[in-house]
Number of protein chains: 2
Amino acid sequence: MNAELECLPCLVRQAREAAIISTDDPSMQKNIMRRCLAYMSRTNLDRSPPEIAQGIGRIIKSMTGIEDPYRKVKSLHTAAALEMLPEMDRILAASADPFVAGLRLAIAGNIIDLGARGKVSDEDISGILNEAMHLPLYGTDPEELKTEIDRADSVLYLADNAGETVFDRKFLEQLPGEKITVAVRGAPAINDATLDDARAAGLDRVARLIDNGSGTPATVLSDCSEEFRQIFENTDLIIAKGQGNYESLSSSDANIYFLFRVKCDLVAEHSGFPVGSLVLLKPSGR
Amino acid sequence: MNAELECLPCLVRQAREAAIISTDDPSMQKNIMRRCLAYMSRTNLDRSPPEIAQGIGRIIKSMTGIEDPYRKVKSLHTAAALEMLPEMDRILAASADPFVAGLRLAIAGNIIDLGARGKVSDEDISGILNEAMHLPLYGTDPEELKTEIDRADSVLYLADNAGETVFDRKFLEQLPGEKITVAVRGAPAINDATLDDARAAGLDRVARLIDNGSGTPATVLSDCSEEFRQIFENTDLIIAKGQGNYESLSSSDANIYFLFRVKCDLVAEHSGFPVGSLVLLKPSGR
């Protein structure tokens, strides 16, 4: 899915937030914005939004020397989500269908996205459980995904944001862990989870954990490691979390189920589901 | 009031909306955005937001040749507001204090602002009467303004957006028209009112009507005509409508009452009043 002009204000907002979180120096912040605007004026816009976002992240890293500006925010989000584990367990234990309940938790957790949204509050995170249980789930029948997981020998789960990973963990606990590989980003990208974040969420306890070798807030295969690409190409089934993975893989012909919250008008239009909704989507014709 | 980095995403949004309203050609729209981003990467950011917005408007005009891309939208907004005249008259007739009721109408009408907001719906316009009567009015006591108007020999009223001008007219009808001069923009600037728009709203029937010689969506004196500057400097009292006039004149030491709706976090912080509120403000120390 290529960026549209309406992505540009959103990317400038992202750049500003990253600039502010990376340095307290107003003149440095201003210089960062000038460089990001100049980059956006010249760059190839016929790419997915996270590919353009990666260029912004690179500029800010090169100017500030800060490798992972969202490290502290990511830790706070992970800690807030970990505190909710007992409540998640109660929900799963009380559920007639723990697979669907876990799936709903994982999708609802995708609200912890600082790329698509400017700020994630404590209320956003504490509201996830309620949203997971009460919002309608759009798209493909969860039974289809369940059947495909049962049939598959290997499942690749593409994680998205730190904190959200705790909700992923509860879903992954409902799946046969021995056939699951979870992949996170290979380098910091906004608040996307890296290996450290995934371990802090306990994802390494429920599946094999790898990174994709890339610092794009998405899954752009050409930017991923050869090792990751091999796994991606040879896995029976892929479960891709979040808008970034959807934006970068929606044209792929791999066997992918997308799990995400719709967070902007463009993805609403592209996917056919309203902003805010929980979506499980296997694009038709695959 | 100078722009802050948080103005940049908003200015890019404005640029995109102006690009889309000016041309249907996607490659032209993209080229416009590239030029606007490049301009913003280089321009002096230590200016008020509407001064930066004027540069964007100039780029789009020069690339498309379209002098007034918002003409149709402005006419629709004016027509929608004119339809509400009978209801406005009922409100004023039923009011114990028509000065304050008219003032409230004029301020509530400032929601018709395509610079600060992406879209103004029919519901926004039809909701103005209700908001005018029920939202709290923050800032300076209206009695102070009334006393100053009574005392002044000359009052300069700086109008803002087309459509809003109809609400201004109902306020101006409560004032001594012979001492009032209403100034509008001298050239098209987003959906700000020009002479044509002001006449369509009937402003010429309630006061002397002039333009300021400038196509900035604000009042930047250095960009205004010599004639306007003379009037500005020699008038006893200035009433300035809207955020753009506030952003450009908040540091002026002229005798100005600002009337506006707060439409963004930055103006909320600068003025001290919450987003959405109706404000009558004479900055202290004048």
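The values are calculated or read from the model by the stated rules, or taken from the named source; none is laboratory data. Since the structure is predicted, the reported quantities are computational estimates derived from the model, not experimental observations. Ideal geometry is used to build each Cβ from the backbone, glycine not excepted, and the neighbour counts take in all protein chains shown.
If you take the residues of region B:23-33 that are farther than 25 Å from residue B:48 by Cβ and either at the interface with chain A (Cβ under 7 Å from one of its Cβ atoms) or among the polar types (S, T, N, Q) (or both), which of them is surrounded by the fewest Cβ atoms within 10 Å (Cβ to Cβ)? Among them, the one singled out is B:27. When residue B:192 is tested against (1) among the acidic types (Asp, Glu); (2) more than 12 Å from the chain's Cα centre (by Cα); (3) within 22 Å of residue B:72 (Cα to Cα), just one condition goes unmet, and that condition is (2). Restricting attention to region B:1-17, and to residues there that are not in a helix (DSSP H, G or I) and not aliphatic (A, V, I, L, M), which single residue is farthest from the other protein chains (Cβ to nearest Cβ)? Here the answer is B:2. When region A:232-284 is filtered for residues that are at positive phi and touching an Asp or Glu at 6+ places or on another chain (Cβ under 9 Å), the ones remaining, listed by number, are A:242, A:276.
Being within 12 Å of chain B (Cβ to nearest Cβ) and not polar (S, T, N, Q) is the filter here; which residues of region A:34-55 pass it? Answer for region A:34-55, where residues must be within 12 Å of chain B (Cβ to nearest Cβ) and not polar (S, T, N, Q): A:34, A:35, A:36, A:37, A:38, A:39, A:40, A:42, A:45, A:46, A:52.
Consider region B:255-286 and keep the residues that are surrounded by fewer than 16 Cβ atoms within 10 Å (Cβ to Cβ) and touching a helix residue (DSSP H, G or I) at 6+ places or on another chain (Cβ under 7 Å). The one that is farthest from residue B:160 (Cα to Cα) is B:274. Residue-level check: of (1) in contact (Cβ under 8 Å) with a residue 40 or more places away in the chain; (2) not acidic (Asp, Glu); (3) not assigned by TED's automatic domain parsing to the domain that holds residue B:194, residue B:126 misses just (3). Of B:85, B:37, B:92, B:11, all but one fail to be buried (at least 17 other Cβ atoms within 10 Å of the Cβ), in the same structural domain as residue B:201 (by TED's automatic domain parsing) and in contact (Cβ under 8 Å) with a residue 24 or more places away in the chain; the exception is B:92.
Residues considered: A:60, A:66, A:91, A:20. Of these, the only one that is within 10 Å of chain B (Cβ to nearest Cβ) and either farther than 14 Å from residue B:37 by Cβ or of a type in the set (Gly, Ala, Ser) (or both) is A:20.
Let's see how each residue does on (1) under 30 Å from residue B:274 (Cβ atoms); (2) in contact with a helix residue (DSSP H, G or I) (Cβ under 9 Å, 6 or more places away or on another chain):
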| position | (1), (2) |
| --- | --- |
| B:135 | yes, yes |
| B:138 | yes, yes |
| B:163 | yes, yes |
| B:168 | yes, yes |
| B:202 | no, yes |
| B:234 | no, no |
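For region A:153-161, indicate whether the set of residues that are in the same structural domain as residue A:87 (by TED's automatic domain parsing) and within 22 Å of residue A:93 (Cβ to Cβ) is non-empty. Walk me through it before giving the result.
First pass over region A:153-161, keeping only residues in the same structural domain as residue A:87 (by TED's automatic domain parsing): A:153-161.
Cutting the leftovers down to within 22 Å of residue A:93 (Cβ to Cβ) gives us none.
No: region A:153-161 contains no residue that is in the same structural domain as residue A:87 (by TED's automatic domain parsing) and within 22 Å of residue A:93 (Cβ to Cβ).
Can you name the residue in region B:242-286 that is in a strand (DSSP E or B) and not hydrophobic (A, V, I, L, M, F, W, C) and is also farthest from residue B:182 (Cα to Cα) among such residues?
Applying the filter and picking the extreme gives B:261.
Based on this model, can you work out whether residue B:189 counts as in contact with a Gly (Cβ under 7 Å, 6 or more places away or on another chain), touching a residue at least 60 places away in the same chain (Cβ under 8 Å), over 21 Å from residue B:235 (Cα atoms) and not polar (S, T, N, Q)? Yes: the conditions hold for residue B:189. Give region A:222-241 a look and list any residue that's of a type in the set (A, V, I, L, M, F, W, C) and outside any helix (DSSP H, G or I), or say none. If the condition is that a residue be of a type in the set (A, V, I, L, M, F, W, C) and outside any helix (DSSP H, G or I), then A:224, A:237, A:238, A:239, A:240 are the ones that fit.
Where residues in region A:40-57 are part of a helix (DSSP H, G or I) and free of Cβ contacts under 8 Å to residues at least 60 places away in the same chain, which of them is surrounded by the fewest Cβ atoms within 10 Å (Cβ to Cβ)? It would help to see each step written out before you state the result.
Looking only at region A:40-57, we keep the residues that are part of a helix (DSSP H, G or I), and these are A:40-42, A:49-57.
Then keep just the ones that are free of Cβ contacts under 8 Å to residues at least 60 places away in the same chain; that gives A:40-42, A:52, A:55-56.
On the way: A:40: 26, A:41: 19, A:42: 13, A:52: 21, A:55: 19, A:56: 24.
Here the residue is A:42.
Of the set (1) charged (D, E, K, R); (2) out of contact with any Leu (no Cβ under 8 Å at 6 or more places or on another chain); (3) away from chain B (no Cβ under 14 Å); (4) closer than 27 Å to residue A:257 by Cβ, all apply to residue A:71 but (4). Among the residues of region B:85-144, the ones that are in a loop (DSSP other than H, G, I, E, B), modelled with pLDDT of 90 or more and not charged (D, E, K, R) come to 6 in all.
For region B:200-221, the candidate set comprises residues that are part of a helix (DSSP H, G or I) and over 15 Å from the mean Cα position of the chain (by Cα); within that set, the residue that is surrounded by the fewest Cβ atoms within 10 Å (Cβ to Cβ) is B:205.
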